[in-house]
């Protein structure tokens, strides 16, 4: 009895999947839902169902309850007049390293066992700065130091909440792969400082070796899976005195990849290395979810479309290394026209704050419509991360992850003013300015305070929030 | 598109130039920038003209001849034989200027060191000129100019005296054809002080963590710099004296000291990279002590020392508007709002994109971000056109659409600072510039690949 239970669980529900799905923790379920909010009279950019002028959005229980004209506010609702303003879905950044205290476990070529979810810092200030750019969901990935980097985490930017609440409940788990110059370390400075140890050269140092590392890892994972399948077959036949195969935390995630339970996000630049991976994946029976960066993707757009693989790129970054020298700002548009689900990402805490401008560039360079451009930072990202049923567009029933913008978000002159996640405000420009003023006053008061004695209850600066 | 043109033959040629599509395919490493057309007489009619002076023309004409702007106005007369462009629905802007690039010196910074010529070895290189490192065929030239950045300052970096910056138009087959001012400004990286500058932390580490040693080492560098400047001053005076009186002993030439003389005489400004408030103050104080004309580049903390900058009349090239706030407790918009604060304080500033030269094409969006954070829109435009021209002393030639200025003209589909706006026609030094780039080329090659 005990053994068969273990057998059933070992592969079907691996520990890592549990990690991403276990987020409705005690803390979260205990939280009362935010009060209803009615956003009135905005230009609503649904992204998937068109744009509507002078339209209201009703948020209830963290979800979008209604979109329409002249909606009535339920009792106790906060009402926000958004006349002249725009509302769009929260921006999704499919490639981020924000709030991650570690990026690479680059000591080995295959580190599929390590998990970003273990090193997330929920207090990282850049979360707040990204909220101020209208971002609500990010895909926190490992770096690109090694061929198989580790398990990523899809995160909602609920700044100020415990990290367990920030992990996107129900988001499919994923894994980062990496190909090209960063892995081969050919773009590193070769300066040798006398007396200083030079960095060790780690296999692989060529694109040939990268293919071999992947082939070797998936061959081992296939054998590992076969071992478990044989074991389970014996259990099913009622054989006694069996010993289960030893669990392998390196190979388990790769088995999940082959079973379609874990999304592969593969850092890659050159079209040949992307194609290598797509073909290798086909051979081992899985799909690559996204090519990350994929700056040369436009050269093999048809092949990527045929593989059913998405691609997440920079809007216009290029020429910073050899494999980025053929990057063009038309990349995403060409891919979209070939049927690839393509997105813009930041890969940068800085750039994440202005993905709206990056999306606007695609109108110029690729001739995308405004809605197509907006999709590259919202809905398409939700598709790539497997969360399009919950976020990525303004539709009734979806999570109320959205932002009110001062104007058209594709204009450089616009900025996010209020950012909601599941109906709660995590950034508000006015509140931010008020807080600044308050803190400046507090600071001034403290600087005036008499030196020496410890503050007592009587000398403490009154805090309005205490009331 | 031919309906845009009065004369069919010109129509065909300009359409080819504009589309870049009819040009032969030759996407090779850093060689693809289509060549400019001739300095003829051109008239752009029926367009909105954003002159950059504050007086816009809703519907007017700009006339270009012999490389210069020769007519601007609602009813400017079009000379006979002028090639005309119908600008209906289009906007005409002065070319943008990025005062803080390494463009042409820095093709692929990682993994291709042979394409990087941004700094020279050694600490004191006043005689090193960016002008001689510029690759006119850098692929960055084409992609940068087609967004409307027609002119850049490209500067050397590193060491203590990095060398001389150059002012370039992004068109021409050779550096002399590109250069507006080959020797524009001296670059001096004053050794940083104070812990806020971060530089000191790194410096301290080099000194084995000993604060006293680090301070002394910094002081030795500053002393060496001062000594070199004093030597150069004496050198200049010795030559002046000898010129007047040949009976004096003939001084020996020294190319290093000679290159510093224009800076010491106020004929050449000195660019000081400085971000921390303490470093900005010490650069200005140092410049005044040595009788140099300072321009601060970087300027992250410029808003906090704005009264000081105003009092000393020192301009700033802001390179970090898009940077993340440097301190954890800074407001989220700490750097976005620096331009607005400097305007309010009356400090002269320009906005630069500031990073890798491949990204100089993002300059308009940096100015746009400043406008989204308190800078009036017309000021945002000036901060990438007129203000950099004024700071570098070339406002008589560049920065606005006015008669007599160099014809660096961008014709766009809308607001030039918006990311969705496209460029339809481009003139640099009065020459029509084809809008093809390495990127349009690759787009053309692959966009319809089945």
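The values are calculated or read from the model by the stated rules, or taken from the named source; none is laboratory data. Note that the coordinates shown come from a computational prediction; the quantities given were computed from them, not determined experimentally. In this analysis, Cβ positions are derived from the backbone assuming ideal geometry, glycine residues included, and neighbour counts consider all displayed protein chains.
Does the stretch A:123-135 include one or more residues that are touching a strand residue (DSSP E or B) at 6+ places or on another chain (Cβ under 7 Å), assigned to a strand (DSSP E or B) and away from chain B (no Cβ under 14 Å)?
Scanning the stretch A:123-135, I find no residue that is touching a strand residue (DSSP E or B) at 6+ places or on another chain (Cβ under 7 Å), assigned to a strand (DSSP E or B) and away from chain B (no Cβ under 14 Å), so the answer is no.
Out of B:334, B:340, report the one residue that is part of a loop (DSSP other than H, G, I, E, B) and more than 9 Å from chain A (Cβ to nearest Cβ).
After applying the criteria, what remains is B:334.
Residue check, residue B:384 against (1) over 19 Å from residue B:423 (Cβ atoms); (2) touching a strand residue (DSSP E or B) at 6+ places or on another chain (Cβ under 6 Å), all met but one. Which one?
Against the list (1) over 19 Å from residue B:423 (Cβ atoms); (2) touching a strand residue (DSSP E or B) at 6+ places or on another chain (Cβ under 6 Å), residue B:384 comes up short only on (1).
Which condition from (1) in contact (Cβ under 8 Å) with a residue 24 or more places away in the chain; (2) outside any loop (DSSP other than H, G, I, E, B) is the one that residue B:402 breaks?
Tallying (1) in contact (Cβ under 8 Å) with a residue 24 or more places away in the chain; (2) outside any loop (DSSP other than H, G, I, E, B), residue B:402 fails exactly one: (2).
Residues of the stretch B:91-104 being assigned to a loop (DSSP other than H, G, I, E, B) and surrounded by fewer than 24 Cβ atoms within 10 Å (Cβ to Cβ), which ones?
none
Has the stretch B:229-243 got any residue that is part of a loop (DSSP other than H, G, I, E, B), on the phi < 0 side of the Ramachandran plot and at pLDDT 95 or above?
no
When you scan the stretch B:108-130, how many residues do you find that are surrounded by 24 or more Cβ atoms within 10 Å (Cβ to Cβ) and closer than 30 Å to residue B:382 by Cα?
1
Within the stretch B:325-334, can one find any residue that is touching a residue at least 40 places away in the same chain (Cβ under 8 Å), surrounded by 24 or more Cβ atoms within 10 Å (Cβ to Cβ) and farther than 25 Å from residue B:61 by Cα?
no
Which members of the stretch B:424-440 meet the condition of being within 25 Å of residue B:39 (Cα to Cα) and either out of contact with any strand residue (DSSP E or B) (no Cβ under 8 Å at 6 or more places or on another chain) or assigned to a loop (DSSP other than H, G, I, E, B) (or both)?
Listed by number, the residues that qualify are B:429, B:430, B:431, B:433, B:434, B:435, B:436, B:437, B:438, B:440.
On the basis of being part of a loop (DSSP other than H, G, I, E, B), at pLDDT 95 or above and within 14 Å of chain A (Cβ to nearest Cβ), does residue B:396 make the cut?
Here the answer is no, as residue B:396 does not meet what is asked.
Please report, ordered by residue number, the helices (runs of 4 or more DSSP H) entirely within the stretch A:266-365 with at least 1 residues that are more than 11 Å from chain B (Cβ to nearest Cβ) and either at pLDDT below 95 or closer than 30 Å to residue A:419 by Cβ (or both).
So the answer is A:331-337.
Can you tell me how many residues within the stretch A:295-333 are free of Cβ contacts under 8 Å to residues at least 40 places away in the same chain and within 25 Å of residue A:218 (Cα to Cα)?
So the count comes out to 9.
List the number of the failed condition for residue B:176; all other conditions in (1) surrounded by 12 or more Cβ atoms within 10 Å (Cβ to Cβ); (2) modelled with pLDDT of 95 or more hold.
(1)
Kindly indicate whether residue A:145 is more than 30 Å from residue B:323 (Cβ to Cβ) and away from chain B (no Cβ under 14 Å). Give the derivation first.
Working: more than 30 Å from residue B:323 (Cβ to Cβ): no; away from chain B (no Cβ under 14 Å): yes.
No.
Given B:419, B:358, which one is within 8 Å of chain A (Cβ to nearest Cβ), outside any helix (DSSP H, G or I) and touching a residue at least 12 places away in the same chain (Cβ under 8 Å)?
Selected residue: B:419, the only one of B:419, B:358 that is within 8 Å of chain A (Cβ to nearest Cβ), outside any helix (DSSP H, G or I) and touching a residue at least 12 places away in the same chain (Cβ under 8 Å).
Go through the stretch A:384-398 and count every residue that is under 16 Å from the mean Cα position of the chain (by Cα) and either closer than 21 Å to residue B:373 by Cα or crowded, with 22+ Cβ neighbours inside 10 Å (or both).
5
Across the stretch A:148-181, which residue is modelled with the highest pLDDT among those that are within 14 Å of chain B (Cβ to nearest Cβ) and surrounded by fewer than 23 Cβ atoms within 10 Å (Cβ to Cβ)?
A:159
Scanning for something within 13 Å of chain A (Cβ to nearest Cβ) and surrounded by 24 or more Cβ atoms within 10 Å (Cβ to Cβ), does the stretch B:381-389 turn up at least one residue?
Of all residues in the stretch B:381-389, those within 13 Å of chain A (Cβ to nearest Cβ) come to B:381, B:384.
Then keep just the ones that are surrounded by 24 or more Cβ atoms within 10 Å (Cβ to Cβ); that gives B:381, B:384.
Among the residues of the stretch B:381-389, at least one is within 13 Å of chain A (Cβ to nearest Cβ) and surrounded by 24 or more Cβ atoms within 10 Å (Cβ to Cβ), which makes the answer yes.
For the condition surrounded by fewer than 24 Cβ atoms within 10 Å (Cβ to Cβ), within 15 Å of residue B:162 (Cβ to Cβ) and either in contact (Cβ under 8 Å) with a residue 40 or more places away in the chain or under 20 Å from the mean Cα position of the chain (by Cα) (or both), what is the one hit in B:268, B:290?
On the way: B:290 fails: within 15 Å of residue B:162 (Cβ to Cβ).
From the options B:268, B:290, the qualifying one is B:268.
On the given criteria, is residue B:294 within 14 Å of chain A (Cβ to nearest Cβ) and at pLDDT 95 or above?
In short, no.
Test residue A:376 against the criterion of being modelled with pLDDT of 95 or more, away from every other protein chain (no Cβ under 12 Å) and within 28 Å of residue B:144 (Cα to Cα), and give yes or no.
Against the criterion (modelled with pLDDT of 95 or more, away from every other protein chain (no Cβ under 12 Å) and within 28 Å of residue B:144 (Cα to Cα)), residue A:376 qualifies.
Scan (1) within 11 Å of chain B (Cβ to nearest Cβ); (2) surrounded by fewer than 21 Cβ atoms within 10 Å (Cβ to Cβ); (3) touching a residue at least 12 places away in the same chain (Cβ under 8 Å) for the single condition residue A:412 breaks and write down its number.
Checking residue A:412 against (1) within 11 Å of chain B (Cβ to nearest Cβ); (2) surrounded by fewer than 21 Cβ atoms within 10 Å (Cβ to Cβ); (3) touching a residue at least 12 places away in the same chain (Cβ under 8 Å), the one that fails is (2).
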